[in-house]
Amino acid sequence: MNRQFYFIGIAFFGMINGIFNQLALIFALLYVKPLAGPLLFDNLSLTLMFASLMVSTATIILGGIPAAIYEKVTGASESSDVSLWIWLAGTAIAALPAAGNFIRVGL
């Protein structure tokens, strides 16, 4: 399979978790508001978008940790299809709490 499809799926699950995971979004918003609030002109919608971006990025990073461990154990010099599947599965598992809200709201 083409590597771009893996990356599209990983980004999709990261986006779903960043937008629809309410608990992680509120947690990130509590930390973003005092730190980045003045940079974003104290606009709540911009701060919420930034917090959503933070949660999405954290989801992708946390989903990639098992794939990095697999690559380290096997001694691979670059990502293989197996490590990309592990990364995709890790990101999908991290996005499970947001799946119910995503299905309820839809696209």
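Taken together, the values in this text are just the output of simple stated rules run on the coordinates, not laboratory data. In this text the structure is predicted, and so the values were computed from the model without any measurement. Note: ideal-geometry Cβ built from the backbone for every residue, glycine included; neighbour counts use all protein chains shown.
Tabulated values for the structure
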| quantity | calculated |
| --- | --- |
| Per-selection metrics, the stretch 1-64 (Cα): Rg and Dmax in Å | 13.3, 45 |
| FRET efficiency estimate (nearest 0.05) - Cβ-Cβ, ILE61 to ILE103, R0 30 angstrom | 0.75 |
| Scattering profile of the chain at q = 0.11, 0.14, 0.20 Å⁻¹ [log10 I(q)/I(0), Debye over alpha-carbon scatterers] | -0.40, -0.61, -0.96 |
| Where N is the number of residues in the stretch 56-107, Cα Rg divided by 2.2 N^0.38 Å | 1.33 |
| Virtual paramagnetic centre 7 Å along Cα→Cβ of LEU23, amide N under 20 Å, in the stretch 33-55 | 51-55 |
| Cα-centre dipole for the chain with unit charges at Cβ (Lys and Arg positive, Asp and Glu negative), debye to 20 | 180 debye |
| Part-to-part distance (alpha-carbon centres) for the stretch 1-22 and the stretch 35-92, which is given in Å | 10 Å |
